[in-house]
Amino acid sequence: MSLEDVTAGDSAPDEVNVVIEIPQGCGNKYEYDKDMGMLKLDRVQPTTMKQPYDYGFIPDTLSDDGDPLDALIVIEEPLYPNVVVPCRTVGVLKMIDDGDYDEKLICVAADDKQYDHVRSLEDLGEHFQKKIAHYFQHYKDLQNKEVEISGWGDVDEAHEITRTAISNHQSYTRHK
């Protein structure tokens, strides 16, 4: 089985598969390259800011920015790139990145007992939201690209964004 065979998940949007692109603590930006079938270095981040949590995408989704739907996984230890993690979505960071809507789902690993109580953004605390918003507000500062944080959404909004991204992907693949 290859990454091309991984779906958004049988229980999506309640539980989604997230493919890790960037481990927490990493300063490089990797992106999955469909043509190559593997991760590719997109850029070395010019800031000293490191990825605060594991970052990846939900397969078989298509966001407004033309990429798969992004996801941040709140977990204690960094995961390896290309690992598929079944996750529970707890909310969404809504932002505009260089003029495009670019939502980031906030997730926890579905079987992580340490975060079993986390069902919403509120369960992660106010500081979590401030930290994540600060990171994404400033991670492109030295690239002269504008990022605007437009707010946070709850679980229901995150699920609706996921359903739409799955539908967008299905429509796109039907018309290819």
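Among residues of region 92-110 being part of a strand (DSSP E or B) and in contact with an Asp or Glu (Cβ under 6 Å, 6 or more places away or on another chain), the one that is surrounded by the most Cβ atoms within 10 Å (Cβ to Cβ) is V92.
Which residue out of G9, G37 is out of contact with any Cys (no Cβ under 6 Å at 6 or more places or on another chain), surrounded by 15 or more Cβ atoms within 10 Å (Cβ to Cβ), touching a residue at least 12 places away in the same chain (Cβ under 8 Å) and among the small types (G, A, S)?
Details: G37 fails: surrounded by 15 or more Cβ atoms within 10 Å (Cβ to Cβ).
Every option except G9 fails the conditions.
Of the candidates L72, L3, the single residue that is crowded, with 19+ Cβ neighbours inside 10 Å and either farther than 23 Å from Q137 by Cβ or of a type in the set (A, V, I, L, M, F, W, C) (or both) is L72.
Given the structure, is D54 under 14 Å from Y135 (Cα atoms) and at pLDDT 95 or above? Here the answer is yes, as D54 does meet what is asked. Please work out if L79 is part of a loop (DSSP other than H, G, I, E, B) and of a type in the set (A, V, I, L, M). Answer is yes for this residue. Considered as a group, the residues in region 139-170 that are touching a residue at least 40 places away in the same chain (Cβ under 8 Å) and of a type in the set (G, A, S) include one that is nearest to L121 (Cα to Cα), and that residue is G153. Among the conditions (1) at pLDDT below 95; (2) in a loop (DSSP other than H, G, I, E, B), L142 misses just one, which is (2). Checked against (1) surrounded by 16 or more Cβ atoms within 10 Å (Cβ to Cβ); (2) touching a His at 6+ places or on another chain (Cβ under 8 Å); (3) part of a helix (DSSP H, G or I), D123 meets all criteria but (1).
Within region 129-137, can one find any residue that is of a type in the set (V, I, T), assigned to a helix (DSSP H, G or I) and surrounded by 13 or more Cβ atoms within 10 Å (Cβ to Cβ)? Yes: region 129-137 contains one or more residues that are of a type in the set (V, I, T), assigned to a helix (DSSP H, G or I) and surrounded by 13 or more Cβ atoms within 10 Å (Cβ to Cβ).
The values are calculated or read from the model by the stated rules, or taken from the named source; none is laboratory data. Owing to the predicted nature of the structure, the values given are computational and were not obtained by experimental measurement. Ideal geometry is used to build each Cβ from the backbone, glycine not excepted, and the neighbour counts take in all protein chains shown.
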